[in-house]
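The values are calculated or read from the model by the stated rules, or taken from the named source; none is laboratory data. Predicted, not measured: the structure shown is a model, and the values here were computed from it. Neighbour counts are summed over all protein chains in view; Cβ atoms, including those assigned to glycine, are modelled from backbone coordinates with ideal geometry. For accessibility, only protein heavy atoms count, side chains too; no ligands or nucleic acids. Shrake-Rupley method; radii C 1.70, N 1.55, O 1.52, S 1.80 Å.
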Amino acid sequence: MTAKIIDFKPVIKGLPDSFSTKIGIARPVKFEREPNSGEFIVAWDKIEWNGSETALASGAHRLVVCEIHIPENAKSGIYKFKAGLESHTLKVLNRVLPPPKEWKYYLDIWQHPWAVSRWEGCKPFSKEHYDAMRPLWEHLATAGQKVITTTVTKKPWNNQCYDGYGTMIRHIKLNDGSWKFDYSIFDEYVAFCLDCGIGPDIACYSMVPWKYFVYYENNKGDEIKIEAKPGSKEFEDYWKPFLIDFSKHLREKGWLGRTYISMDERSVEDMRFISSFIKKHAPELKISTAGNFDPSKYPDLKIDNYCPVIDKVTTKFLANNVSQRRNLGLLTTYYVCCVPRKPNTFMESQLEESFWCGFLPAAKNLDGFLRWAYNSWPYDPRNDASFGPFRAGDTFLVYPDNQHSCRFLELRNGIQAAEKFRILKETASKELLAEMDDLSKEYDFWDAKKEKADLKPL
């Protein structure tokens with residue numbers, strides 16, 4: 001008998017009206033199996049909410065995605081419901097997870113405003129641009145995003161993304177050699193992010209941009225590009241007046257205590273010089289860095305948020321750093337990027353890997369997680385996720401038009417589980433603590449990398 005082909009629009013049935021629900025279908029996105037290989041495969045990653053599907057009535061496989069928000073006053077118990085063609089059971093406990101804004105989990109996924117501007121074809125930081133960013137940024141806030149990504153000079157990462165980063169602060173050098181700084185875009189953008197639920201911390205990139213090039217305008221509005229290596233006269237002339245003026249401005253805005261000068265994978269020598277330079281000229285500014293070095297490489301430096309790449313999060317690192325730093329009021333997080341191959345959040349990655357990355361801080365007593373690219377889109381990520389030497393998906397976790405990825409939703413599930421784990425640990429019995437400790441031991445990076453670990457969600 002030949003199966004009948006039907007068109008259906010999946011819905012959720014059987015849950016109380018007070019439960020807020022969304023249902024969608026994951027769509028395939030192609031990408032290169034290996035960067036620049038020319039060999040394409042697909043991942044079912046892009047979610048089309050309220051989409052319809054042509055499928056076989058006999059029950060051919062389709063990936064249906066559900067989002068269910070349970071109100072605080074919901075009765076605990078077992079709820080049976082149907083999503084699309086499949087039946088499910090939902091268990092509701094007599095516990096309430098605080099809203100994402102109140103989570104202690106320190107999430108730092110870098111935003112890219114200029115990618116949205118290019119995609120929408122609008123002027124950066126125009127009303128149209130902010131309107132386009134808002135749903136994307138509000139979606140990021142649902143994962144408890146704690147950091148606003150800002151730029152204090154042009155191209156802090158040279159131009160590694162499809163869209164280069166501009167600056168949110170204009171550096172203007174007057175004829176007499178003095179400096180003027182225009183913070184209007186910076187102020188507007190930070191206020192916008194706070195309104196979207198992102199923050200309250202502000203990360204400023206960067207005093208050591210890749211290639212060491214910085215930019216400023218002269219009185220005529222011409223752009224001037226100079227090399228400003230740490231320790232050089234150009235560095236001192238460019239950054240000293242800025243730090244002094246920036247600190248004053250942040251104090252007036254009430255943001256000084258939560259603003260970081262942020263560095264990304266800089267050398268120990270650069271970090272040592274920058275830290276002492278900031279301490280001398282703007283001691284109230286905080287310092288954050290993502291890097292490949294153990295902080296023991298610079299024990300005399302106070303790094304307010306230190307974020308090593310995952311393969312540096314060793315047993316020795318955890319034992320010698322995390323609790324001691326937390327007692328001093330310092331944060332310790334971790335990151336993945338173009339490495340490791342596994343676990344990660346690439347298009348090729350299993351969805352369980354996204355959950356694993358989100359939950360790891362709870363298992364290892366870290367404060368949170370960093371990922372370098374929320375929306376650094378290639379030319380058209382909806383149809384081809386590949387981008388140059390990067391593994392597909394490395395550069396983004398959300399699609400244009402606020403189309404969610406399965407990878408981001410599973411990462412958020414891991415983050416929620418980590419926050420539940422932290423809360424439960426505060427009141428757990430000795431027996432439960434021992435059980436939770438056993439679970440934590442299962443989250444071992446080296447086992448996961450060698451595919452020896454079970455990466456299934458809890």
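All conditions in (1) in a loop (DSSP other than H, G, I, E, B); (2) closer than 15 Å to Val42 by Cα; (3) not β-branched (Val, Ile, Thr) hold for Pro378, with the sole exception of (2). Go through region 61-87 and give me each residue that's open to solvent by 50 Å² or more (accessible area, probe 1.4 Å), part of a strand (DSSP E or B), more than 22 Å from Arg27 (Cα to Cα) and without any contact (Cβ under 8 Å) to a residue 24 or more places away in the chain. Selection gives Ile78 alone.
Taking the conditions exactly as written (small (Gly, Ala, Ser), outside any helix (DSSP H, G or I) and surrounded by 18 or more Cβ atoms within 10 Å (Cβ to Cβ)), does Ser288 satisfy them or not? When the stated conditions are applied, Ser288 passes them.
Of all residue pairs spaced 6 or more apart or on separate chains, those with beta-carbon atoms under 6 Å, a first member in region 91-102 that is open to solvent by 100 Å² or more (accessible area, probe 1.4 Å) and a second member that is not in a loop (DSSP other than H, G, I, E, B) are Lys91/Ile78. Going through (1) open to solvent by 10 Å² or more (accessible area, probe 1.4 Å); (2) in a loop (DSSP other than H, G, I, E, B) one by one, Ala417 falls short only on (2).
Look at region 403-429: where a residue is free of Cβ contacts under 8 Å to residues at least 12 places away in the same chain, no partner that is open to solvent by 50 Å² or more (accessible area, probe 1.4 Å) and of a type outside the set (Gly, Ala, Ser) sits 6+ places away or on another chain with Cβ atoms under 6 Å. For region 326-342, residues that are open to solvent by less than 70 Å² (accessible area, probe 1.4 Å) and touching a helix residue (DSSP H, G or I) at 6+ places or on another chain (Cβ under 8 Å) total 8. Within region 251-309, restricting attention to residues that are free of Cβ contacts under 8 Å to residues at least 12 places away in the same chain and under 19 Å from Tyr334 (Cα atoms), the residue that is nearest to the chain's Cα centre (by Cα) is Ser267.
Entry remark, region 124-154: residues being on the phi > 0 side of the Ramachandran plot and surrounded by fewer than 21 Cβ atoms within 10 Å (Cβ to Cβ) number 1 in total. Here is the figure for region 332-362: residues that are in a loop (DSSP other than H, G, I, E, B) and either within 21 Å of Leu424 (Cα to Cα) or not small (Gly, Ala, Ser) (or both) total 13. Entry remark, region 290-307: residues being among the acidic types (Asp, Glu), in contact with a helix residue (DSSP H, G or I) (Cβ under 9 Å, 6 or more places away or on another chain) and within 18 Å of Phe277 (Cα to Cα) number 1 in total. Taking region 13-31, which residues are surrounded by 14 or more Cβ atoms within 10 Å (Cβ to Cβ), within 30 Å of the chain's Cα centre (by Cα) and under 12 Å from His69 (Cβ atoms)? Scanning region 13-31 gives Phe19, Thr21, Lys22. The residue pairs whose first member lies in region 432-451 and is open to solvent by 60 Å² or more (accessible area, probe 1.4 Å), whose second member is assigned to a helix (DSSP H, G or I), and whose beta carbons are closer than 9 Å, counting only pairs six or more residues apart or on different chains, are Leu433/Lys425; Lys441/Ala363; Glu442/Ala363; Trp446/Asp311; Lys449/Ile310; Lys449/Asp311. When region 245-275 is filtered for residues that are part of a helix (DSSP H, G or I), under 13 Å from Met207 (Cα atoms) and open to solvent by 60 Å² or more (accessible area, probe 1.4 Å), the ones remaining, listed by number, are Arg272, Phe273. On the given criteria, is Asn375 in contact (Cβ under 8 Å) with a residue 24 or more places away in the chain, under 18 Å from the mean Cα position of the chain (by Cα) and open to solvent by 20 Å² or more (accessible area, probe 1.4 Å)? So Asn375 fails the test. Only a single item in (1) within 14 Å of Pro343 (Cα to Cα); (2) open to solvent by 50 Å² or more (accessible area, probe 1.4 Å); (3) modelled with pLDDT of 95 or more is not met by Gly393, and it is number (2).
Of all residues in region 141-156, those satisfying the criterion of being among the polar types (S, T, N, Q) and either within 10 Å of Cys193 (Cα to Cα) or assigned to a loop (DSSP other than H, G, I, E, B) (or both) are Thr142, Thr149, Thr153. Residues that are among the charged types (D, E, K, R), surrounded by fewer than 21 Cβ atoms within 10 Å (Cβ to Cβ) and more than 27 Å from Lys240 (Cβ to Cβ) do not occur anywhere in region 173-189.
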